[in-house]
1. Of Ile261, Ile241, which residue is of a type in the set (Val, Ile, Thr), within 16 Å of the ligand (Cβ to nearest atom) and either assigned by TED's automatic domain parsing to the domain that holds Ser166 or in contact with a Lys or Arg (Cβ under 7 Å, 6 or more places away or on another chain) (or both)?
2. Counting only residues that are open to solvent by 50 Å² or more (accessible area, probe 1.4 Å) and either free of Cβ contacts under 8 Å to residues at least 40 places away in the same chain or not charged (D, E, K, R) (or both), how many does the stretch 106-123 have?
3. Taking the stretch 133-164, which residues are more than 17 Å from Ser82 (Cβ to Cβ), among the hydroxyl-bearing types (Ser, Thr, Tyr) and open to solvent by 10 Å² or more (accessible area, probe 1.4 Å)?
4. Among the residues of the stretch 296-314, are any under 26 Å from the mean Cα position of the chain (by Cα), open to solvent by 10 Å² or more (accessible area, probe 1.4 Å) and within 19 Å of Gly170 (Cβ to Cβ)?
5. Confirm whether Arg112 is of a type in the set (Lys, Arg), within 16 Å of the ligand (Cβ to nearest atom) and in the same structural domain as Lys187 (by TED's automatic domain parsing).
6. When you go through Ser103, Ser17, Ser41, Ser29 one by one, which is the residue that is more than 16 Å from the ligand (Cβ to nearest atom), more than 26 Å from Ile147 (Cβ to Cβ) and open to solvent by less than 30 Å² (accessible area, probe 1.4 Å)?
7. One residue is enough: does the stretch 59-76 have a residue meeting the conditions away from the ligand (no atom under 16 Å from the Cβ), more than 24 Å from Pro109 (Cβ to Cβ) and more than 18 Å from the chain's Cα centre (by Cα)?
Amino acid sequence: MISFYPGPSRVYDEIPSYVKDAYKKGILSINHRSEEFMTISEKVITLLKDKLNVPKDYTVFYTTSATECWEIIAQSLTNKRSYHIYNGSFGEKWFEYTKRIASGVRSYPFNREEIVNPKKLRFGAEEGVICITQNETSNGTQVSNDIIRQIKENNPTHLIAVDATSSMGGVALDFKAADIWLASVQKCFGLPAGLGLLICSPSAIEKALAINERNHYNSLAFMNDMMAKLQTPFTPNVLNIYLLMRVLEEVKPIEEVHAKIVKRYERWANYFSKKETLQHLIRNEEARSFTVVPVIAKDEIVTKVKAKAKSRGILLGEGYGELKSSTFRIANFPAIKKKEIKTLQEFLSNYK
Ligand SMILES: *Cc1c(COP(=O)(O)O)cnc(C)c1O
């Protein structure tokens, strides 16, 4: 089965051999307080900073998922206010979860065809956390680095938190434009699920230490104490951290990956622009994600395309949330091969 699901998604072909290596080297049983683990952890952090252009003074934390990162931000950084800017299901979920944990949580939903206007997003002089979903996996839209940077510039007393779950590792992100970045590895990193990454600027760490919330195993101040020793408060997903190291050793620098992804996105956009029954969900090209291509059609066609694709060994991503029956999604993640895209395009040529 060729998976075009936008998470969990196609993993790199090398993963089974890396798992075998991990077993042979005894990594599946190493202690997470050992020198051996700390060496792997340090390598992962160095490689992440190197390959993705994460500033040297940012701190990387391991979590279990992107959802856990939302919770950590709500617990440990949202002491007064949190502003949620979103246009789809994942951004809304982030808002909903935060609301249950913190107070002063407000939402600023926008239309999926709309480009966020930073001029309209000035939140006053009080401290707060501004939460932006950079790549909305449910509807295939994105917020550009430029807009994120402008929101930060217009709100200097606030921290900017960015959910880049389905773009980190696939497109070039300007990490300096925000204070908190979160992702999980089962999307653009081409790895199995069960590992999240939380990346924090020095200002975010400073704020976490000032608030000093330490009521949870995953309180950021406590995680920061542990990360000073390249460790986590809990037993982490050591195998996935090792696999991340192996994958990062092999991947190209993010500029090259980004160029490949944008080129493939443009081919997809062009492909659907010539069709009638199958259309890119988002008409505004400027709003479109590079890594998730959502396709809209009549419900019965969507059902048919998904079923036929499956019988040909192609797994398409289901529509998400309110778009469940009217769309399917195509992941445009780095681990997907050129010939697999060709196979899918040939299959879709059966539809006008
Ligand atoms: C997949 C996804 C999540 C959830 O990731 P988990 O690792 O399952 O917690 C959150 N936000 C976005 C934008 C996603 O695409």
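The values are calculated or read from the model by the stated rules, or taken from the named source; none is laboratory data. These figures come from a predicted structure and were not determined experimentally. Quick reminder, even Gly has a Cβ in these numbers, built from the backbone with ideal geometry, and neighbours come from all protein chains shown. Note: areas computed on protein heavy atoms with side chains; ligands, DNA, RNA excluded. Shrake-Rupley method; radii C 1.70, N 1.55, O 1.52, S 1.80 Å.
1. On the way: Ile261 fails: either assigned by TED's automatic domain parsing to the domain that holds Ser166 or in contact with a Lys or Arg (Cβ under 7 Å, 6 or more places away or on another chain) (or both).
Matching residue, one of Ile261, Ile241: Ile241.
2. Taking the stretch 106-123 first, the residues open to solvent by 50 Å² or more (accessible area, probe 1.4 Å) are 106, 108-109, 111-112, 114-115, 117, 119-120, 122.
Next, from what is left, pick out any that are either free of Cβ contacts under 8 Å to residues at least 40 places away in the same chain or not charged (D, E, K, R) (or both): 106, 108-109, 111, 115, 117, 119-120, 122.
Number of matching residues: 9.
3. Within the stretch 133-164, just Ser144 meets the criteria.
4. no
5. On the way: of a type in the set (Lys, Arg): yes; within 16 Å of the ligand (Cβ to nearest atom): yes; in the same structural domain as Lys187 (by TED's automatic domain parsing): yes.
Against the criterion (of a type in the set (Lys, Arg), within 16 Å of the ligand (Cβ to nearest atom) and in the same structural domain as Lys187 (by TED's automatic domain parsing)), Arg112 qualifies.
6. Going through Ser103, Ser17, Ser41, Ser29 in turn, just one is more than 16 Å from the ligand (Cβ to nearest atom), more than 26 Å from Ile147 (Cβ to Cβ) and open to solvent by less than 30 Å² (accessible area, probe 1.4 Å): Ser41.
7. Yes: the stretch 59-76 contains one or more residues that are away from the ligand (no atom under 16 Å from the Cβ), more than 24 Å from Pro109 (Cβ to Cβ) and more than 18 Å from the chain's Cα centre (by Cα).
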